[in-house]
Structures are given as structure tokens and as C-alpha cells.
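Student: Have a look at this one.
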Amino acid sequence: MCLDAWHEQGLPRDVDLDEFFMFDEPGYHELGQLGWCEAAFEPLFEEKVLEDRGEHEVVQDTAGRGVLFFKGKRQGFMPEYIDHPVKDMKTWQENVKWRLDPTVAVRYTDLENRMDEAKATADKGLMIQQNIIGGYMFLRSLMGPEDIMYVFYDNPELVHDCMKTWLVLADSVLAKHQEYIAIDEMFFGEDICYNHGPLISPDMIKEFLFPYYQQLINNAKARQAKDGRKIYIQLDTDGDCRPVIDLYREGIGMDILSPFEVASGCNVVELGKQYPWIIMSGGIDKRVLAEDTDTIDRYLDGILPAMRKRGGYIPTCDHGVPPEVSWQNYLHYRKRCVEYGS
């Protein structure tokens, strides 16, 4: 992992990383409870070893997936998923769907404390963000990236039943939160693109995802219409997001997009000009940060002045920071960001 490499390079273990790398305090407060890369199961699946393969082992994770790990090691590498919990309508209904029941009392056991914390941060001027696993990410976590492609064609009824369940859970939890506090942003973890564009067609997005997104967003907006408070819509997807920008803008009213993966052809300066309305986060090539500081400086000189002039941009890496980036290089990059932002 990146931090392990940095500590080996001499980064002190007792430093406050946010302070050390000169990050501002977050401008938002997350409400949570609705998943991100996995669904918000309650209860979770039992984590257990399913198979011993010598140097490796197959583990059932808390999302019900079979994951191939190095024995005794769970972090520091990309997991290999070899099985997923939903195979058909039977496995969906018997093993998974009931775990997404919004009426389960344990979902709300600490509600009062969480809402008190949210109100306190809102009083300080922070935005209130409801982060939610996106529709495609939800389906992919249930069935896997390959199998879901077939299910769209072979068993659309199953897809729609999964998405109806996603909607009911998300809408119920969000409605409960909105009884206490107004929402400023709905942030969907979607990952619907790869390095050559979207993983499913625009027609499939419109048929299987947008009706549920639209209902959820419309319900949330209606519940706080009397406040006259805008709810911003943010989407997170890796890969080449360019083909879906207009699609999600028109389909769900997307305002914010991240993280603009450079290796997939995303250039925030060009896209910032093409889409002046969009709020952007990301777009800093993690590979360049592994080069020398002169290369980093030349690269940032081509991005940060233009994006500062444009506005509506937060300079962050286009994905997680890899261990190839030294902490000294990352600190140099952060210093340049602060200089340009001063």
C-alpha cells in the first residue's frame, strides 16, 4: 500500500497526514448508511474462508462475494472476485434481498446521535452529503461485472427487481435523514466506465438505471422543496467518463463529476472548457507524480492556472495514489496546489 511504502521511505508514522500534506478541512459531512462499493446489507454476510489453495485462499467477504486472497493478507493489492451472491431470482430472494430491508430497526439505532452530529456540522456551514452506492455499482457487486452483462439480456426482470429494492432502501433511509436535516448533495459511487467508455450502452442506462435514479432524486427534492434548497448531484466513475457526461446531465441532472482518469483520455482543462457548468474533482495524473519534480511542475503548470481561472475545480489525483509515488513527490505536488490556490 502507498502509506506502507511512504513509512519505509521515512514518512513519520505519528504525523497528521491532512495537516502534513496541507489539506483543508472537508467542506461536507457524510450521512452514510447506503453503501458505496458494496450494498448496505443488514445483516452483512459472514466473512469466512471457503477454500484453501496453498499460498492463496478463497474468502467469502461481507458482501457475499468469493474473493481470492494471498493467504493471511487482505490489503495492498487488487482483489480477484471469483464468485458473487446473486445467480438468479432464487438466490437473490433467498440470500440477498432480505438483507436490504429498510425497516430493520438496527439501521436506525444510532440515528439520533448521527443526526445531532450532522446538524452541528451544518451549523458550521458544511454541506450535508448523502453518499449512495450507484445503480450499476450495486448490480455489479451482486452479480459481477461479466455476469451482469448477460443478465441485462437474459433476465431483465431480475435486474428491475434488484433496482426496485435499491430504490426502496435508498429512498427510505434518505427520507428518514431528511426528517432531521436538509440534504445538500447526493453523491453516487457508480464506476460505470472503463478505459474505453461506459460498460453498458446508453439505452441500457436509460432502461435499467435512470428510472430509479430519477424517482429517488425527485422524491428527495420534493421532501425539501419548501426549503428552496438545491440538491446537487455528484457521480463518481473511473475510466473514460466523456461519453456519459451529457447522458447523466440530461438523465438525472448531474452537477459534479469525478475523478477524470487521465490514462483513459480525460483532460480536465479541455473538458472544463467544453462543459462550463460542471463542477470537477480529480484529473491529476498519478503517473506523473511518480516522475521527478521538474516534470511534475511542468505538468501542473499546464493545469492549475487554467483551472483556477475557470473555477469549480478541486485538484486531486485521478484515482488512489499508488506506491510508486514517493511521499516527497506527493508533498511537492501538494505544495504547488497550495501555491496556486493562494
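The values are calculated or read from the model by the stated rules, or taken from the named source; none is laboratory data. Because the structure is a prediction, the values reported are computed rather than measured. Glycine also receives a Cβ, built like all others from the backbone with ideal geometry; neighbour counts cover every protein chain displayed.
Student: State all residues of the stretch 51-60 that are acidic (Asp, Glu) and buried (at least 16 other Cβ atoms within 10 Å of the Cβ); if no residue qualifies, say none. Steps first, please.
Tutor: If we filter the stretch 51-60 for residues that are acidic (Asp, Glu), which is where we start, we get 51-52, 55, 57.
Selection gives Glu57 alone.
Student: A further question follows. List the residue pairs whose Cβ atoms are under 7 Å apart, where the first residue sits in the stretch 211-225 and is touching a residue at least 12 places away in the same chain (Cβ under 8 Å), the second is in a helix (DSSP H, G or I) and surrounded by fewer than 16 Cβ atoms within 10 Å (Cβ to Cβ), and the two are 6 or more positions apart or on different chains.
Tutor: So the pair list comes out as Arg223/Ala175.
Student: Let me ask something additional. Could you look through the stretch 319-338, keep only residues that are out of contact with any helix residue (DSSP H, G or I) (no Cβ under 6 Å at 6 or more places or on another chain) and outside any helix (DSSP H, G or I), and pick out the one that is modelled with the highest pLDDT?
Tutor: Ser326
Student: Another question, if that's okay. Restricting attention to helices (runs of 4 or more DSSP H) lying wholly within the stretch 175-290, give those where 2 or more residues are out of contact with any helix residue (DSSP H, G or I) (no Cβ under 8 Å at 6 or more places or on another chain), modelled with pLDDT of 95 or more and under 30 Å from Tyr108 (Cα atoms). Steps first, please.
Tutor: Numbers: elements: 210-223, 245-252, 268-274.
Helices (runs of 4 or more DSSP H) meeting the threshold: 210-223.
Student: Answer yes if at least one residue in the stretch 133-141 is touching a residue at least 60 places away in the same chain (Cβ under 8 Å), assigned to a loop (DSSP other than H, G, I, E, B), of a type in the set (Val, Ile, Thr) and in contact with a Phe, Trp or Tyr (Cβ under 6 Å, 6 or more places away or on another chain), and no otherwise.
Tutor: Within the stretch 133-141, none of the residues are touching a residue at least 60 places away in the same chain (Cβ under 8 Å), assigned to a loop (DSSP other than H, G, I, E, B), of a type in the set (Val, Ile, Thr) and in contact with a Phe, Trp or Tyr (Cβ under 6 Å, 6 or more places away or on another chain).
Student: One residue is enough: does the stretch 303-313 have a residue meeting the conditions touching a Ser or Thr at 6+ places or on another chain (Cβ under 9 Å), surrounded by 13 or more Cβ atoms within 10 Å (Cβ to Cβ), touching a residue at least 40 places away in the same chain (Cβ under 8 Å) and not in a loop (DSSP other than H, G, I, E, B)?
Tutor: The initial filter retains those residues of the stretch 303-313 that are touching a Ser or Thr at 6+ places or on another chain (Cβ under 9 Å), namely 313.
Of the ones still in play, those that are also surrounded by 13 or more Cβ atoms within 10 Å (Cβ to Cβ) are 313.
Then keep just the ones that are touching a residue at least 40 places away in the same chain (Cβ under 8 Å); that gives 313.
Next cut, not in a loop (DSSP other than H, G, I, E, B) only: 313.
Yes, the stretch 303-313 has at least one match.
Student: So which residues in the stretch 23-56 are farther than 23 Å from Ala120 by Cβ and in a strand (DSSP E or B)? Full working, then the answer.
Tutor: Within the stretch 23-56, the first condition is being farther than 23 Å from Ala120 by Cβ, and the residues that meet it are 35-56.
Of everything in the stretch 23-56, those that are farther than 23 Å from Ala120 by Cβ and in a strand (DSSP E or B) turn out to be Lys48, Val49, Leu50, Glu51, Asp52, Arg53, His56.
Student: Only one residue in Gly72, Gly66, Gly125 is small (Gly, Ala, Ser), surrounded by 11 or more Cβ atoms within 10 Å (Cβ to Cβ) and farther than 23 Å from Ala170 by Cα. Which one? Spell out how you get there, then give the answer.
Tutor: On the way: Gly72 fails: surrounded by 11 or more Cβ atoms within 10 Å (Cβ to Cβ); Gly125 fails: surrounded by 11 or more Cβ atoms within 10 Å (Cβ to Cβ).
None of the others qualify; the one that does is Gly66.
Student: Shifting gears a bit: Go over the candidates Thr165, Thr103, Thr109 one by one and state the one that is among the polar types (S, T, N, Q), within 15 Å of Glu42 (Cβ to Cβ) and at pLDDT below 95. It would help to see each step written out before you state the result.
Tutor: Values: Thr165 fails: at pLDDT below 95; Thr103 fails: at pLDDT below 95.
Unique residue meeting the criteria: Thr109.
Quick grid of which residues meet (1) surrounded by 13 or more Cβ atoms within 10 Å (Cβ to Cβ); (2) of a type in the set (Val, Ile, Thr):
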{"site": "Ala5", "(1), (2)": "yes, no"}
{"site": "Gly10", "(1), (2)": "no, no"}
{"site": "Asp18", "(1), (2)": "no, no"}
{"site": "Phe21", "(1), (2)": "yes, no"}
{"site": "Pro26", "(1), (2)": "no, no"}
{"site": "Leu31", "(1), (2)": "yes, no"}
{"site": "Leu34", "(1), (2)": "yes, no"}
{"site": "Cys37", "(1), (2)": "yes, no"}
{"site": "Val49", "(1), (2)": "no, yes"}
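Student: In the stretch 80-91, what count of residues is obtained for those that are touching a Leu at 6+ places or on another chain (Cβ under 7 Å), under 13 Å from Arg65 (Cα atoms) and outside any strand (DSSP E or B)?
Tutor: Of the residues in the stretch 80-91, 3 are touching a Leu at 6+ places or on another chain (Cβ under 7 Å), under 13 Å from Arg65 (Cα atoms) and outside any strand (DSSP E or B).
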